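Notes follow the structure.
The numbers here are math on the coordinates, done by the rules we state, and not lab data. Quick caveat, the model's predicted, so the values are computed rather than measured. Because the Cβ atoms are built from the backbone with ideal geometry, glycine has one as well, and the counts that use them run over all protein chains shown.
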Amino acid sequence: MRKEQFICPYTVYDNPDELESQDAELLRWAHEATARSYAPYSKFHVGAAARMANGEIVTGNNIENAAYPSGLCAERVTLFAAQAKFPGVPIEALAVVAHSETKTIDEPVAPCGACRQVMVEVERLSKRPMRILCQGETGAIMAFDGIESLMPFIFKDTFL
Ligand code: THU
C-alpha cells in the first residue's frame with residue numbers, strides 16, 4: 001500500500017485589478033448576469049459568463065423552480081447555452097459569482113459537484129483546459145486552470 005496526495009493548484013487574486021483584462025471583463029459579465037437570476041426561494045443570485053474561442057461571451061444565471069430540483073445552477077445554464085449556441089466551439093474560461101439578498105458574500109463561491117461534472121465534459125469537447133474564475137459579490141477571486149484542479153478523481157468517458 002502507499003499513501004498519495006492530490007494537489008489542486010489555484011491562484012488567488014485579492015481584487016479584479018490583479019486579473020488580466022479579458023478575465024476581469026469576463027468577471028464583470030458574470031456580475032451583470034446575477035441581475036437576471038430567478039432565485040425567489042434561496043435569494044442567492046448566481047451569475048456566470050463563458051468566454052468562447054470565437055470571442056463570443058455567453059452569460060447565464062441560476063433559475064429556480066417551486067419544485068426545487070427542477071431548477072438549474074448558473075454554471076450549467078451558461079455552459080449548456082454556450083454549447084447550444086456555438087456547437088463545437090471550445091470554451092476557454094468560465095467566471096462564476098454570487099450575490100445574496102441576505103448577506104454580502106465576500107469569499108469566492110465554488111461551483112457545486114454537478115456543475116463540475118458538466119465542466120469535465122466541456123473540457124473534453126474543447127480539447128483544452130477551461131480556466132474557472134470564482135468570486136462572491138466582492139473580495140478575492142480564485143482561479144483554476146482546468147477542472148482537474150477543482151475536482152480531483154473525475155468521472156470520465158474513458159471509464160465507459
Ligand atoms: N447555485 C448555482 O447557481 N451554482 C452553484 O454552483 C451552486 C448553487 C444556485 C442553485 C440555487 O438556485 C441557489 O444557487 C442556491 O443553492
Would you calculate the volume per residue, in Å³, of the smallest convex hull containing every Cα atom of the chain? 143
Counting only helical runs of four or more DSSP H residues, what would the 222 nm mean residue ellipticity of the chain come to if each run contributes -39,500 (n - 2.57) and the total is spread over all its residues? -8000 deg cm²/dmol
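May I ask you to order 103-114, 22-33 by the average number of other C-beta atoms within 10 Å around their residues, highest value first? Please list the in-between numbers first.
On the way: 103-114: 14.8, 22-33: 19.3.
The most tightly packed comes first, giving 22-33, 103-114.
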The answer for GluC sites (Glu not before Pro) in segment 60-160 that fall in a DSSP coil and have at most 13 neighbouring Cβ atoms within 10 Å is GLU101
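If the only charges are +1 at each Lys and Arg Cβ and -1 at each Asp and Glu Cβ, what is the size of the charge dipole of the chain around the Cα centre, to the nearest 20 debye?
620
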Give, as ranges by residue number, the residues of segment 102-123 whose backbone N falls under 13 Å from the point 7 Å along Cα→Cβ of GLU56. none
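Need the full-extension length gain, SER42 to ASP106, defined as separation in residues times 0.36 nm minus the C-alpha distance. One decimal, nm. Let's see the in-between values first.
Numbers: separation 64, 0.36 × 64 = 23.04 nm, distance 1.76 nm.
Answer, rounded to one decimal: 21.3 nm.
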Would you mind telling me which residue in VAL89, VAL58, VAL46 has the biggest mean-square fluctuation in a Gaussian network model of the chain, where springs connect alpha carbons within a distance under 10 angstrom? VAL89
Cα-based count: Lys pairs in segment 14-160 below 29 Å, eight or more positions apart or different chains? 5
Cα pairs beyond 17 Å in segment 1-77, in percent, come to 58
